[in-house]
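S.K.: Take a look at this one; I'll ask things after.
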Amino acid sequence: MTRVRSFLSQPLVKWGLAGILVAFLAIVPMLAIDIPGVFPGPTYTPGTLQLLAFSMLIASLALSYHLIFGVAGLLSFGHALYFAIGAYGLGITLRHFGLELLPAIVVTFVAGLFVAAAVGALSLRVTGISFAMVTLAFAQAGSVLVRKNPGKLTGGDEGLALDTTHVPDFFIGVLQTKNLYWLCLGVLVLVFLVTSWFERSRAGHVVAATRENELRVRVIGIRPYFVKLLTFVIGGVLATLVGMAYLLLQSSATQKLVSADFTLTLLVIVVLGGVGYRWGAVIGGIVYTFLDQRLTAFASSDAVSGLPDILRVPLSQPLFILGTLFILVVLFLPGGIAGVGARLSRSRMRADEPRTVLEELT
Amino acid sequence: MSTVILLLITGLGLGALYFLVASGLSLIYGLMGVLNFAHGSFLTLGAFAGWELARRTGADNWLSFVASVLLGAVVGAVFAALTELLLIRRLYERHIEQVLVTVGLALSSVALFDGIWGTDPVYVSGPSWMGGTTDVFGASIPNNRFVLILAAVLVLLGIVLFLKYTRFGLIIRAGVENRSMVTALGIDVRRAFTVVFAIGGAAAGIGGVLAASYYGYVSSSIGGSLLIFAFIVTVIGGLGSLSGAAIAAALVAVLQQFANFYLGGTGDFVVVLLLAVVLLVRPSGLLGSKA
Amino acid sequence: GCAPTEQANPGADLAPVKVAIITSTTGPLAGYGAEYTQGFKAGLDYATDGTGKVDGRALDISYVDDAGDADKAVSAAKDAIGGGTQIIAGTASSGIALAVAEQAAQNKILYISGPAAADAITGVNEYTFRSGRQTMQDVATAGTFVGDLAGKKVLVFAQDTAFGQGNVAGVTAVLGAKGATVTGELVPEDATEFTPFAQKVSDANPDMVFVAWAGATTGAMWQALSQQGIFEKFPVVTGLGDIASFGAYGEASEKISFLNHYFGGAAGTDIEKTMITYLDKNGEKADLFTPDGFVAAQMIVHAIKEGGGDDVAKMIKSLEGWSFDSVKGKLTIRAEDHALLQPMFQAKLKASGDTYVPELIKIVDADTVAPPVTK
Amino acid sequence: MTDNQPVLAAEHLSLQIGGARILDDVSLSVSAGEMLGVIGPNGAGKTTLFNLISGVIAPTSGTIRLDGRDVTNEQIHARARAGLGRTFQTSSLFNGLSALENVRLAAQVELGGSLSILRFPHRGDRATSVALERLDEVGLAHHADTDAGVLSHGDKRKLEIAMLLATDPKVILLDEPMAGVASGDVPGLVEVIRGLHKGAGRTVLMVEHHIEVILGLVDTVAVMHHGQVLAHDTPDAVMANPAVQNAYLGDVA
Amino acid sequence: MSDPILSVRGLSARIAGQQVVEDVTFDVPATGVTALLGRNGVGKTSTIKGVLGLIERRGEVTFRAGGSAVRLDRLRTHRIVQLGIGYVPEDREVFSKLTVAENLRLAERSSDPRREFVAELFPDLVARSNQLAGTLSGGQQQMLSLGRALINTNTLLLVDEPTKGLAPIIVSEVAAALAEAAKTVPVLLVEQNLQVVRQLATDSIVIEGGRVVHTGPAAQLLDDEDMIRRFLGVHGETTGAGATA
Ligand SMILES: Nc1ncnc2c1ncn2[C@@H]1O[C@H](COP(=O)(O)OP(=O)(O)OP(=O)(O)O)[C@@H](O)[C@H]1O
Ligand SMILES: Nc1ncnc2c1ncn2[C@@H]1O[C@H](COP(=O)(O)OP(=O)(O)OP(=O)(O)O)[C@@H](O)[C@H]1O
Ligand SMILES: [Mg+2]
Ligand SMILES: [Mg+2]
């Protein structure tokens, strides 16, 4: 019964802490925190703000994937598609349809909603690996489409640059990076709130139950299809939202966004952070981005190039370090980073063990 | 007419390549119940090993070609066995982590190959007959396509016979479902797992050397690019079903050729469409057992 | 800082000029990145007479790896710009180049793109220049292999990517204008089996085949063309790649007519010799994209010399219309759209032991292959 | 006791898989408030019959009526909504969720709004208090916060019943509720089942091999054998039937 | 009395990091059926799995066969089983995607398996030899699971609730089969059906809360109403209800 009481009190504490954290993050652009090796410069510099903003977007995207993979247990290999719809959709509506920013956002959002609903409705007719593959198929179709560059809309392998005509000035240029930083922080907070909201709602509990045992859900009188679809669509549109922020931050979209590798990256992030943990997805996204971006700097640093071949060759490949690190986490830190945190603080969010959502695929 | 024949036979050649990758993938899926994302790396390493050997022994004689295929098989097998021993085995019955560890291995091994052999493709050549063509009803078919098809058939037969005439087939199927019960029947399931992994790796290694001869180059990414089609083939054929994979490999590749040629380069589109349709109509794939 | 004064060393007490070189040292384009960076260092040495300083003012050059990823490049660019950098150069990928060009425009800084070939980079905005050639120049060079193009059938064999489509468009614009009928045979990007397409080429019976191909599948593509007997039937023209790719042509090596941006020893200029001497010292070899780095260094030094290193508008002005001698000969930066007008080469490959070496057939002068002005 | 309109009726149900006839023209009806015991040798088709009634499997032919309404083509959840509840022969639970959450999910369906994204389950709400009550009824209150997956076998059986109670069904299918339950706990569970039948006037169908349990609880017994209903009668009559003796009881009883 | 075939000393076992068996000590005599009894969740199954090394365990487990003593706690499961220990798991654990015949074939450890013996015992299995085990009824799966253990010639049988879910007629057959087997092989039996226990068991061990609380001849335990109530929670008048089935 201890959990009965902590059920009420714990959230208050948690939300309080989260509020303080957000407030702190909000004033970061005013501060001069410098962590050499981690940040490219003090926190008020655009380079560091950019890195932070980018990592928050990836964290938001990971959160949206967490909803589908961690909560609903749906192994989607096509989540990148909705992110790409956000980035490309906004890019295309701004550049080729000449819409103002707000209407363009609405149009793109609706497009993401529509595609997620359509793809979800179809692919949720199957489960397990089949589901993974059908979602992959749709994402691949999207990828082929982007690369084929129909009507010169997407720019193919040259990418699509943001048309700044209708974008307000406070989002344009490196000097405005702090505004973009706040935008990304806002997106992260929004996605986190929506995700928590959904997870805590009754529908969220039903989704979790469906992940555990679908037949049982039917037998107690619930049709799992709609809740799963709902989760899939919410995850999808959140990704679309993040994709739009991404375009504003990066000012261009490239075909990497639609690649299967990118979805795989999301999987890596969610696992790194801890499957089933909301905070895990956030931390995973941030850690991954920092590693990914900063390891490049490390790998080409003098410290590495001076090493003997047997060390230099692997260490000069950022992906090698990242992949190895990932293997080590999987081998030695079940539950990912958040899992370690949960074990240390003994405050379990749902289960001590990482979700075994892939089990159903066997 | 000759175009149709050309498309058909070259399609089968490509299908053979898909199958060589998919066979090991399917076998390992049958074994550990998860898709092995590192399978492409087994193939790539096999290809590099084959190339290194051919380069040293003079690439254009048959002896060194056969030797490099064998070396590719051995290297693929060893890499796969080590993967099982060092990584997969530690994650006893934790399927999700097993998949993820292969994802990590795929990432890091490709980067390591980049570091060792560089990012530029290295171009390979084989015995000159392989680069020649044979006329079949007016179509000039590149000879190495026949070698590919032959190799795929041999590998298929080899694995089928192995599964049929040893207890491994049973152990694998049972082990996927309930590994600890298999050990409780007095069977050393770990050894069986390593053996099967090695066989899958060997098939991939052979595929690697032949893929190098098919593409004319080796690079760190050839495994990865074949892997996605191998996944598709494995799934369309029905997970864990070797003959399903063989049929699907041929189907996918031939369809891809025809669509690329006649339908304005929509090969990939059509394959992806096929995948979606097959799965929506028959979620367990062509020959997959119903879950 | 204070305005430059007329001294022997006017820049000595000014802060160093920050320059960021963003290009691949890892990832799929790492090879091109290495050529570019080597050339850049050689060019810098040449343009500053070995001092590394411009009019006494030091240069603070940082080399950043983009790993072939536009996100990393954009982050690096923002980091650099935020740190006060006003000059960025580099990258071999058109996608990345266009993304960085967008940053240049938003932040009003100078960007000199590297080996990326997309025509779209030329004239994309007033802040962006290029130090390499563009697709149109390749195409125009190809045209020089056929004497009179009127009434000739030219078939472009390319991948269905922006690069391939750009080539078809380029050939249509450039050679079509000279009276050739141009058709494109675009092969899907992910196709691995080229035999049927080679047969299509054979069936089309053109007067010239122009091949525009990039990436690892090149070898398989040439083999397919050889196997279907294309070389016996029609002249085949393509761009000669870097040394690492010479193995890709296989049997066809000696039968292809190559247009060429650059290979070590092609130009025979004094500057080229200086560059090769410099590279030799480091055990490096001149290659396809070495001049791109070299030219970038020359342009940067010139811009700083004339524009002071702090005033972007001035630097841009100083580059527009500038003509100068470089590795490949005389180059001109066209004022209207920042296209880099430069001579191109015709070459062939000759067997030499196990490998092939390129041989110059002829230098095509810059005007002959100048791309149409972008508006 | 069986002449009013049957609340559940199976009419000429057959199921064929491949060449095997698993159910062969089974007709069975149960009237409101009745408790029917289904017995028969292993493999007779008892579980299959339950699967057909609850909609887990579709019959090859035949009709299933709930309250006189044809539900043969309705999906599992629709039948559950219409008041049909069941347990499984091998416990089927939400293993990663706590026992309380398992039951609360079931209670929510009964109370409505279970798919709402605007309502949050919390300790004070109706569903939770109902769930806690149900857990208490089966003697699992002390395991409310234990993950269902780690409960012992017998406790899982009890949790299944608690979930069933929470959905408050009209008609209940129990598939071997006593299997694996410690002898000492059997009487308690028998009382729970008796309560859910007599106390609430529910209709119950129960498959059970504990013949004493069956005899002590049910109004009528149906005996299945080789996919057919061999006999359907009062317990006494059935026990006296020599065919039943041969097919099912052997020399034990 | 001869040496016990199996001695368990201070056995502890953990599942997912949680202690489920604590310091359990008992002997299994070299002949007859030893019943391992206790209420739900006390750790009977876990004890057996601990002996077999199927879960993480600590403590001494000694197996004496053919004059030599082997420490089972140092061996891996497949080695333990190869010593001649047959195991019938609690939840049947048949391989559902293998046919009945394949399940049996996989279980064969020796070159001369006792196929006829199993076929006689469970004729239904012969009739269904090509059916996928997953489609068998619960009881049929239980027979298959027993068949897998009995097809080998064992020196010790570990049997976990073999009559659960079986029709009375089959229960008596299984009991008879076990009685038959017990003539030559000692058996450690977990069973909730007290009548079956009464019929088969010579000795008894009672576990409660992960510890052994009673050992002694089975008859002594079963005849003592008081002990039955205390250890198994069974009241006199309901013993029948639990036991008959
Ligand atoms: N796919 C199938 N192919 C052949 N026979 C099948 C198939 N599926 C089920 N059966 C058979 O149908 C019969 C009915 O099984 P069911 O589970 O209904 O039995 P039951 O009466 O519940 O038995 P138990 O008391 O052992 O649980 C069994 O004999 C089973 O083997
Ligand atoms: N995976 C697990 N994680 C944590 N605890 C577990 C797990 N599996 C079982 N347990 C616990 O271990 C204890 C012993 O379980 P065990 O299955 O050995 O009991 P048992 O005596 O066989 O019970 P039953 O008569 O119900 O079969 C139980 O309290 C159970 O809750
Ligand atoms: Mg049953
Ligand atoms: Mg037990």
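The values are calculated or read from the model by the stated rules, or taken from the named source; none is laboratory data. Just so it is clear, the model here is predicted, and its values are computed rather than measured. With ideal geometry, Cβ positions are generated from the backbone for all residues, glycine too; neighbour counts draw on all protein chains shown. Accessible surface areas use protein heavy atoms only, side chains included; no ligands, DNA or RNA. Shrake-Rupley method; radii C 1.70, N 1.55, O 1.52, S 1.80 Å.
S.K.: Are any residues in region E:1-56 more than 14 Å from ligand 4 (Cβ to nearest atom) and closer than 24 Å to D:GLY96 by Cβ, and if so, which ones?
M.R.: Answer for region E:1-56, where residues must be more than 14 Å from ligand 4 (Cβ to nearest atom) and closer than 24 Å to D:GLY96 by Cβ: E:ARG14, E:ALA16, E:GLY17, E:GLN18, E:GLN19, E:GLU56.
S.K.: Please go through region A:124-157 and give me each residue that is within 13 Å of chain C (Cβ to nearest Cβ) and among the polar types (S, T, N, Q), ordered by number.
M.R.: Matches in region A:124-157: A:GLN140, A:SER143, A:ASN149, A:THR154.
S.K.: Still on this structure: In region E:119-137, what residues are within 13 Å of ligand 3 (Cβ to nearest atom) and either in contact (Cβ under 8 Å) with a residue 40 or more places away in the chain or surrounded by fewer than 14 Cβ atoms within 10 Å (Cβ to Cβ) (or both)? Give the steps one after another, and end with the answer.
M.R.: Let us first name the residues in region E:119-137 that are within 13 Å of ligand 3 (Cβ to nearest atom), namely E:135-137.
Answer for region E:119-137, where residues must be within 13 Å of ligand 3 (Cβ to nearest atom) and either in contact (Cβ under 8 Å) with a residue 40 or more places away in the chain or surrounded by fewer than 14 Cβ atoms within 10 Å (Cβ to Cβ) (or both): just E:LEU136.
S.K.: Somewhere in region D:122-133, is a residue over 17 Å from the mean Cα position of the chain (by Cα), at pLDDT 85 or above and within 16 Å of ligand 2 (Cβ to nearest atom)? Talk me through it step by step, then tell me what you get.
M.R.: Filtering region D:122-133 down to residues over 17 Å from the mean Cα position of the chain (by Cα) leaves D:122-133.
Next, from what is left, pick out any that are at pLDDT 85 or above: D:128-133.
Then drop every residue that is not within 16 Å of ligand 2 (Cβ to nearest atom), which leaves none.
There is no residue in region D:122-133 that is over 17 Å from the mean Cα position of the chain (by Cα), at pLDDT 85 or above and within 16 Å of ligand 2 (Cβ to nearest atom).
S.K.: Let me ask something additional. What number of residues in region E:211-245 are assigned to a loop (DSSP other than H, G, I, E, B) and at pLDDT below 75? Reasoning before the result, please.
M.R.: Of region E:211-245, the ones assigned to a loop (DSSP other than H, G, I, E, B) are E:223-224, E:233-235, E:245.
Next cut, at pLDDT below 75 only: E:233-235, E:245.
Matching residues across region E:211-245 total 4.
S.K.: What is the number of the single condition among (1) within 14 Å of chain A (Cβ to nearest Cβ); (2) modelled with pLDDT of 80 or more; (3) buried (at least 20 other Cβ atoms within 10 Å of the Cβ) that B:ARG90 does not meet?
M.R.: (3)
S.K.: For E:ASP160, indicate whether it is within 16 Å of ligand 2 (Cβ to nearest atom), under 21 Å from the mean Cα position of the chain (by Cα) and surrounded by fewer than 19 Cβ atoms within 10 Å (Cβ to Cβ). Outline the logic, then answer.
M.R.: Values: within 16 Å of ligand 2 (Cβ to nearest atom): yes; under 21 Å from the mean Cα position of the chain (by Cα): yes; surrounded by fewer than 19 Cβ atoms within 10 Å (Cβ to Cβ): no.
It is false that E:ASP160 is within 16 Å of ligand 2 (Cβ to nearest atom), under 21 Å from the mean Cα position of the chain (by Cα) and surrounded by fewer than 19 Cβ atoms within 10 Å (Cβ to Cβ).
S.K.: Just give me the residues in region E:87-118 being part of a strand (DSSP E or B) and either open to solvent by 30 Å² or more (accessible area, probe 1.4 Å) or more than 9 Å from chain B (Cβ to nearest Cβ) (or both), in sequence order. Write out each step before concluding.
M.R.: Keep residues of region E:87-118 that are part of a strand (DSSP E or B), which gives E:87-88, E:99.
Correct list: E:VAL88, E:THR99.
S.K.: If you don't mind, another one. Consider E:GLN199 against the criteria (1) within 16 Å of ligand 4 (Cβ to nearest atom); (2) out of contact with any Ser or Thr (no Cβ under 7 Å at 6 or more places or on another chain); (3) not β-branched (Val, Ile, Thr): it satisfies all of them except one. Which criterion is unmet?
M.R.: Single failed check for E:GLN199: (1).
S.K.: Does D:GLY184 satisfy the criteria of being away from ligand 2 (no atom under 16 Å from the Cβ) and at pLDDT below 85? Break it down into steps so the answer makes sense when it comes.
M.R.: Working: away from ligand 2 (no atom under 16 Å from the Cβ): no; at pLDDT below 85: yes.
For D:GLY184, the condition - away from ligand 2 (no atom under 16 Å from the Cβ) and at pLDDT below 85 - is not met.
S.K.: If you go through region C:273-301 one residue at a time, how many are within 12 Å of C:PHE345 (Cβ to Cβ) and in a helix (DSSP H, G or I)?
M.R.: Taking region C:273-301 first, the residues within 12 Å of C:PHE345 (Cβ to Cβ) are C:288, C:291.
In the following step, the residues that additionally are in a helix (DSSP H, G or I) were identified as C:291.
Of the residues in that region, 1 qualify.
S.K.: Follow-up question, since we're still on this one. When you check B:GLY264 against the structure, is it in a loop (DSSP other than H, G, I, E, B), within 14 Å of chain C (Cβ to nearest Cβ) and of a type outside the set (Ser, Thr, Tyr), yes or no? Can you show your working first?
M.R.: Working: in a loop (DSSP other than H, G, I, E, B): yes; within 14 Å of chain C (Cβ to nearest Cβ): yes; of a type outside the set (Ser, Thr, Tyr): yes.
Here the answer is yes, as B:GLY264 does meet what is asked.
S.K.: Looking only at region A:245-274, which residues are at pLDDT 85 or above and more than 23 Å from A:ASN149 (Cβ to Cβ)?
M.R.: The answer is A:ALA245, A:LEU249, A:THR265, A:LEU266, A:LEU267, A:VAL268, A:ILE269, A:VAL270, A:VAL271, A:LEU272, A:GLY273, A:GLY274.
S.K.: Restricted to region E:115-147, and to residues that are within 19 Å of D:TYR248 (Cα to Cα) and within 16 Å of ligand 2 (Cβ to nearest atom), which residue is farthest from the chain's Cα centre (by Cα)?
M.R.: Out of the qualifying residues, it is E:GLY138.
S.K.: Next question. I'd like the full set of residues that are surrounded by fewer than 23 Cβ atoms within 10 Å (Cβ to Cβ) and in a strand (DSSP E or B), limited to region D:192-213.
M.R.: Correct list: D:THR203 only.
S.K.: Filter region B:216-250 for residues that are more than 20 Å from B:VAL281 (Cα to Cα), crowded, with 24+ Cβ neighbours inside 10 Å and over 12 Å from the mean Cα position of the chain (by Cα) and give the result.
M.R.: B:GLY216, B:TYR217, B:VAL218, B:SER219, B:SER220
S.K.: Could you please give the count of residues in region D:47-75 that are open to solvent by 50 Å² or more (accessible area, probe 1.4 Å) and either closer than 16 Å to D:LYS170 by Cα or within 16 Å of ligand 4 (Cβ to nearest atom) (or both)? Steps first, please.
M.R.: Narrowing region D:47-75 to residues open to solvent by 50 Å² or more (accessible area, probe 1.4 Å): D:56-58, D:60-61, D:65, D:67, D:69-70, D:73-75.
Filter once more, keeping what is either closer than 16 Å to D:LYS170 by Cα or within 16 Å of ligand 4 (Cβ to nearest atom) (or both): D:65, D:67, D:69.
Residues flagged as open to solvent by 50 Å² or more (accessible area, probe 1.4 Å) and either closer than 16 Å to D:LYS170 by Cα or within 16 Å of ligand 4 (Cβ to nearest atom) (or both) within region D:47-75 amount to 3.
S.K.: Going by what's in this entry, would C:ALA101 be described as closer than 19 Å to C:ILE300 by Cβ, assigned to a helix (DSSP H, G or I) and under 13 Å from the mean Cα position of the chain (by Cα)? Quick ask: steps written out before the conclusion?
M.R.: Working: closer than 19 Å to C:ILE300 by Cβ: yes; assigned to a helix (DSSP H, G or I): yes; under 13 Å from the mean Cα position of the chain (by Cα): no.
No, not satisfied.
S.K.: I'd like to verify a number: residues in region A:37-76 that are away from chain C (no Cβ under 14 Å) and open to solvent by 20 Å² or more (accessible area, probe 1.4 Å), how many?
M.R.: Taking region A:37-76 as the starting set, the residues that turn out to be away from chain C (no Cβ under 14 Å) are A:37, A:59-60, A:62-76.
From what is left, the residues that are open to solvent by 20 Å² or more (accessible area, probe 1.4 Å) are A:37.
Of the residues in that region, 1 qualify.
S.K.: Shifting gears a bit: Just the residues that are more than 19 Å from the chain's Cα centre (by Cα) and open to solvent by less than 30 Å² (accessible area, probe 1.4 Å), please, taken from region B:76-87.
M.R.: Scanning region B:76-87 gives a single hit, B:LEU87.
S.K.: Can you go through D:LYS158, D:LYS170 and tell me which one is more than 16 Å from ligand 1 (Cβ to nearest atom), within 13 Å of the chain's Cα centre (by Cα), within 14 Å of chain E (Cβ to nearest Cβ) and open to solvent by 10 Å² or more (accessible area, probe 1.4 Å)?
M.R.: On the way: D:LYS170 fails: within 14 Å of chain E (Cβ to nearest Cβ).
None of the other options fit; the residue is D:LYS158.
S.K.: For a quick check of your reading: which strands (runs of 3 or more DSSP E) sit entirely within region E:18-77 and have at least 2 residues that are more than 16 Å from ligand 3 (Cβ to nearest atom), more than 14 Å from chain D (Cβ to nearest Cβ) and buried (at least 19 other Cβ atoms within 10 Å of the Cβ)? Full working, then the answer.
M.R.: Numbers: elements: E:18-28, E:33-37, E:56-65, E:68-71.
So the answer is E:18-28, E:33-37, E:56-65.
S.K.: Based on what the data block shows, is D:GLY216 without any contact (Cβ under 8 Å) to a residue 60 or more places away in the chain, within 10 Å of chain E (Cβ to nearest Cβ), part of a helix (DSSP H, G or I) and among the small types (Gly, Ala, Ser)?
M.R.: Criteria met by D:GLY216.
S.K.: Within region C:90-112, does at least one residue satisfy the condition of being open to solvent by 40 Å² or more (accessible area, probe 1.4 Å) and more than 10 Å from chain A (Cβ to nearest Cβ)?
M.R.: Here is the first cut: in region C:90-112, the residues open to solvent by 40 Å² or more (accessible area, probe 1.4 Å) are C:108.
Okay, now just the ones that are also more than 10 Å from chain A (Cβ to nearest Cβ), so none.
No, region C:90-112 contains no residue that is open to solvent by 40 Å² or more (accessible area, probe 1.4 Å) and more than 10 Å from chain A (Cβ to nearest Cβ).
S.K.: Could I ask something else about it? Being surrounded by fewer than 24 Cβ atoms within 10 Å (Cβ to Cβ) and without any contact (Cβ under 8 Å) to a residue 12 or more places away in the chain is true for just one of A:ARG147, A:ARG125. Which residue is that?
M.R.: Values: A:ARG147 fails: without any contact (Cβ under 8 Å) to a residue 12 or more places away in the chain.
Residue meeting the stated conditions: A:ARG125.
S.K.: In region A:156-172, what residues are without any contact (Cβ under 8 Å) to a residue 24 or more places away in the chain and surrounded by 23 or more Cβ atoms within 10 Å (Cβ to Cβ)?
M.R.: A:GLU158 - this is the single residue of region A:156-172 that is without any contact (Cβ under 8 Å) to a residue 24 or more places away in the chain and surrounded by 23 or more Cβ atoms within 10 Å (Cβ to Cβ).
S.K.: Let me ask something additional. Quick one: which strands (runs of 3 or more DSSP E) lie wholly within region C:170-268 and hold at least 1 residues that are within 14 Å of another protein chain (Cβ to nearest Cβ) and open to solvent by 30 Å² or more (accessible area, probe 1.4 Å)? Quick ask: steps written out before the conclusion?
M.R.: Details: elements: C:181-187, C:208-212, C:236-239, C:257-260.
Counting at least 1 such residues, we get C:181-187.
S.K.: In region C:113-155, which residue that is among the basic types (Lys, Arg) and open to solvent by 10 Å² or more (accessible area, probe 1.4 Å) is nearest to the chain's Cα centre (by Cα)? First the steps, then the outcome.
M.R.: Going through region C:113-155, the residues among the basic types (Lys, Arg) turn out to be C:130, C:133, C:152-153.
Those still in the list that are open to solvent by 10 Å² or more (accessible area, probe 1.4 Å) too: C:133, C:152-153.
Numbers: C:ARG133: 4, C:LYS152: 28, C:LYS153: 28 Å.
That would be C:ARG133.
S.K.: Being among the small types (Gly, Ala, Ser), modelled with pLDDT of 85 or more and under 12 Å from D:VAL103 (Cβ atoms): is that true of D:ALA166 here? Talk me through it step by step, then tell me what you get.
M.R.: Values: among the small types (Gly, Ala, Ser): yes; modelled with pLDDT of 85 or more: yes; under 12 Å from D:VAL103 (Cβ atoms): yes.
Here the answer is yes, as D:ALA166 does meet what is asked.
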